[in-house]
Amino acid sequence: MVFSSHIFIYYFLPAALLGYYALWGAPQHWRNFWLIITGYIFYGWAEPRFTVLMFGTTFIDWLVSLAIAHNTWQVWRVWHRPVRKLVSGEPRTPLQHRAITVSVVCNLMALGFFKYFNFGVETYNEIVRTVGLGHFQWETFFRVVLPLGISFYTFQALSYTIDVYRGEAEAMANFIDFSCFVSMFPHLVAGPILKFSFLADQLKHRRLTMDKFARGVSFFSLGLAKKILLANPCGKIADIAFDAGSIKTLEAWFGSVAYAFQIYFDFSGYSDMAIGLGLMLGFVFAKNFDSPYRSESITDFWRRWHISLSTWLREYLYIPLGGNQCGRARTYANLILTMLLGGLWHGASWNYVIWGGIHGSMLAFERSQGRESFYHNLPRPLRVALTFLIVIVAWVFFRAPDLKGAVLYLGSMFGLRHAQPGADLVGGIFYKPYYLISLAVAAIVIWMGKQTWDWTQQMTWPKTAVCCGLGWLALAVMATQEYNPFIYFIF
């Protein structure tokens, strides 16, 4: 189930909100329990079996956090007691070391098996076939189905146990409250990836006000409009371009720009809807996008794009690897390794690894240049344009079906591949008024519009009218669209 679907908007969401508001006078745990129920229904709508996996990892992480906090494996004797927050910097016992290891290993094993088993088998078979040892290939009919959103809720659960171990968060004695943090449907399958410490107090105490609700509806309406009115038509252009057997240079750039617009409006729109739903429930989530295509460098880009993921990678991967505290060479290696793993997190494909490698290499290069980087003396519009160009080239690897497809598409973009006569048909589809207007509006919003987070800070009647109008228009268009994918739903 996705937010931009009839089943969610017209059936699931009204029922979830009505049940939640009906419990507003009840103890907080009852409201959290209702969010658990709705979260598991939302998650299990497509494949109920995967709810068992999510419950299992949630339960293990909860037990581990209690073992860390109380320094005992006999958690059944202490789960009801008040939990002491560990002191940051205080030495940890061997038991606490083993407990956090259990959490990390269990989460990464689940993520690794479901996300990378097929990729591992295919890579192994390709290697042995390449070196002439085809008889060693592993021929198996067994294939693993990827659970939706496993990357997101795994990272969130890991942030909890690691923060408890570090002394940055207090372990939750109440399983309902912690399970609510993991399974809350607004951020369950596509983020934002929220640190437990960010939501800990809100899980215990939160207020629902009319201002929060109104801003939440505005967030949801604008996010839905981004998704339906901008991301979908841009996505249609991108699909035609990348699926074409042969394409001319201009159309190849047209398609790559369309994909850059699609993935931004698709994901930022979904994040806006998630933040809006959180506000409707009384929660305040973190900002996840900040006009990333206005960035003046790749370093700046990662301060603005998918902020919750870049924050997670920095705090739980880059800094533990040593960050910038172990010399310049180690700093560059840590940046590249962090982004390689960040790319692999997005999907089991060498394309994602290359995408991460491009960004990691640029981050290391910019760090090596310091303030006097090659961007430094350029006018700001050129810095933004150059950064956008690098991002577009990297997106080709993100979008192409495989490495060969990415190389061929880049060849078309840079005039290194001769287009076949039938390529003229692609341009005939692209240059229709509907697609041209959609791209133009998308560009205006990206480089001239205000972020939803900032625009909704102070709601006025004209702003409310704009949000309602765009929301209703998006619903009307959604009823007629057959093309309505969501890119990050598979991650």
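Quick check on my filter: what residues within segment 38-51 are more than 14 Å from Thr154 (Cα to Cα) and without any contact (Cβ under 8 Å) to a residue 12 or more places away in the chain? Hits for segment 38-51 are Gly44, Pro48, Arg49.
Checking Val145 against (1) surrounded by 15 or more Cβ atoms within 10 Å (Cβ to Cβ); (2) out of contact with any Ser or Thr (no Cβ under 8 Å at 6 or more places or on another chain): exactly one of these is not met. Which one? Unmet for Val145, out of (1) surrounded by 15 or more Cβ atoms within 10 Å (Cβ to Cβ); (2) out of contact with any Ser or Thr (no Cβ under 8 Å at 6 or more places or on another chain): (1). Taken over segment 1-52, residues that are in contact with a Phe, Trp or Tyr (Cβ under 7 Å, 6 or more places away or on another chain) and of a type in the set (Val, Ile, Thr) amount to 3.
Could you run through segment 470-491 and say how many residues are of a type outside the set (Val, Ile, Thr), in contact (Cβ under 8 Å) with a residue 60 or more places away in the chain and in a helix (DSSP H, G or I)? If you could, list the steps in order and put the result at the bottom.
Kept after step one, since they are of a type outside the set (Val, Ile, Thr), are these residues of segment 470-491: 470-476, 478-479, 481-486, 488-489, 491.
If we keep only those that are in contact (Cβ under 8 Å) with a residue 60 or more places away in the chain too, we end up with 470-471, 473-475, 478-479, 481, 483-486, 488-489, 491.
Checking which are in a helix (DSSP H, G or I) leaves us with 470-471, 473-475, 478, 488-489.
Of the residues in segment 470-491, 8 are of a type outside the set (Val, Ile, Thr), in contact (Cβ under 8 Å) with a residue 60 or more places away in the chain and in a helix (DSSP H, G or I).
List pairs: first residue in segment 4-17 and touching a residue at least 60 places away in the same chain (Cβ under 8 Å) and surrounded by 15 or more Cβ atoms within 10 Å (Cβ to Cβ), second residue part of a helix (DSSP H, G or I) and not aliphatic (A, V, I, L, M) anywhere in the structure, Cβ distance under 7 angstrom, at least six positions apart or on different chains. These pairs meet every condition: Ser4/Lys227; Ala16/Thr38. With respect to being within 24 Å of His306 (Cα to Cα), assigned to a helix (DSSP H, G or I) and either in contact (Cβ under 8 Å) with a residue 12 or more places away in the chain or under 26 Å from the mean Cα position of the chain (by Cα) (or both), Leu439 fits the description.
Matching residues to (1) under 30 Å from the mean Cα position of the chain (by Cα); (2) at pLDDT 80 or above; (3) of a type in the set (Asp, Glu); (4) in the same structural domain as Leu66 (by TED's automatic domain parsing):
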| position | (1), (2), (3), (4) |
| --- | --- |
| Ile100 | yes, yes, no, yes |
| Asn107 | yes, yes, no, yes |
| Ala110 | yes, yes, no, yes |
| Asn118 | yes, yes, no, yes |
| Thr130 | no, no, no, yes |
| Gln137 | no, no, no, yes |
| Arg143 | yes, no, no, yes |
| Leu146 | yes, no, no, yes |
| Tyr153 | yes, yes, no, yes |
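If you go through segment 388-415 and keep only what is at pLDDT 95 or above, over 16 Å from Leu344 (Cα atoms) and not aliphatic (A, V, I, L, M), you end up with just Phe388. Are any residues in segment 366-384 buried (at least 17 other Cβ atoms within 10 Å of the Cβ) and aromatic (Phe, Trp, Tyr), and if so, which ones? Once the filter is applied, which keeps residues that are buried (at least 17 other Cβ atoms within 10 Å of the Cβ) and aromatic (Phe, Trp, Tyr), segment 366-384 yields only Tyr375.
Taking Met459, is it surrounded by fewer than 16 Cβ atoms within 10 Å (Cβ to Cβ) and either of a type in the set (Val, Ile, Thr) or at pLDDT 90 or above (or both)?
Numbers: surrounded by fewer than 16 Cβ atoms within 10 Å (Cβ to Cβ): yes; either of a type in the set (Val, Ile, Thr) or at pLDDT 90 or above (or both): no.
Spelling it out, it is not the case that Met459 is surrounded by fewer than 16 Cβ atoms within 10 Å (Cβ to Cβ) and either of a type in the set (Val, Ile, Thr) or at pLDDT 90 or above (or both).
Of the residues making up segment 404-444, just one is β-branched (Val, Ile, Thr) and in contact with a Lys or Arg (Cβ under 8 Å, 6 or more places away or on another chain), namely Val426.
Would you confirm, using the coordinates I've provided, whether Ile150 is in contact with a Leu (Cβ under 9 Å, 6 or more places away or on another chain) and either buried (at least 23 other Cβ atoms within 10 Å of the Cβ) or within 26 Å of Gly343 (Cβ to Cβ) (or both)? Give the steps one after another, and end with the answer.
Values: in contact with a Leu (Cβ under 9 Å, 6 or more places away or on another chain): yes; either buried (at least 23 other Cβ atoms within 10 Å of the Cβ) or within 26 Å of Gly343 (Cβ to Cβ) (or both): yes.
Judged against the criteria, Ile150 is a match.
Filtering Tyr165, Tyr153 for residues that are under 20 Å from Trp73 (Cβ atoms), of a type outside the set (Val, Ile, Thr) and assigned to a helix (DSSP H, G or I) leaves a single hit, Tyr165.
Taking the condition of being among the β-branched types (Val, Ile, Thr) and surrounded by 21 or more Cβ atoms within 10 Å (Cβ to Cβ), how many residues in segment 392-404 meet it? Spell out the reasoning first.
Of all residues in segment 392-404, those among the β-branched types (Val, Ile, Thr) come to 392-393, 396.
This time we only want the ones that are surrounded by 21 or more Cβ atoms within 10 Å (Cβ to Cβ), so: 396.
Total satisfying the criteria: 1.
Does any residue in segment 444-469 that is closer than 19 Å to Phe265 by Cα come within less than 9 Å, Cβ to Cβ, of a residue that is among the basic types (Lys, Arg) and assigned to a helix (DSSP H, G or I) six or more places away or on a different chain, and which pairs are these? Taking only residues 6 or more apart or on different chains, the pairs are Val445/Lys226; Ile446/Arg294; Trp447/Arg294; Thr452/Lys226; Trp455/Lys463; Thr456/Arg215; Thr456/Lys463. Note on segment 466-491: residues that are surrounded by fewer than 17 Cβ atoms within 10 Å (Cβ to Cβ) and closer than 17 Å to Leu229 by Cβ total 14.
State all residues of segment 418-435 that are at pLDDT 80 or above and buried (at least 18 other Cβ atoms within 10 Å of the Cβ); if no residue qualifies, say none. Across segment 418-435, the qualifying residue is only Tyr435. Per the conditions (1) in contact with a Ser or Thr (Cβ under 8 Å, 6 or more places away or on another chain); (2) buried (at least 18 other Cβ atoms within 10 Å of the Cβ); (3) not small (Gly, Ala, Ser), the sole criterion not satisfied by Thr38 is (1).
The values are calculated or read from the model by the stated rules, or taken from the named source; none is laboratory data. Because the structure is a prediction, the values reported are computed rather than measured. Note that we place each Cβ from the backbone using ideal geometry, even for glycine, and neighbour counts take in every protein chain shown.
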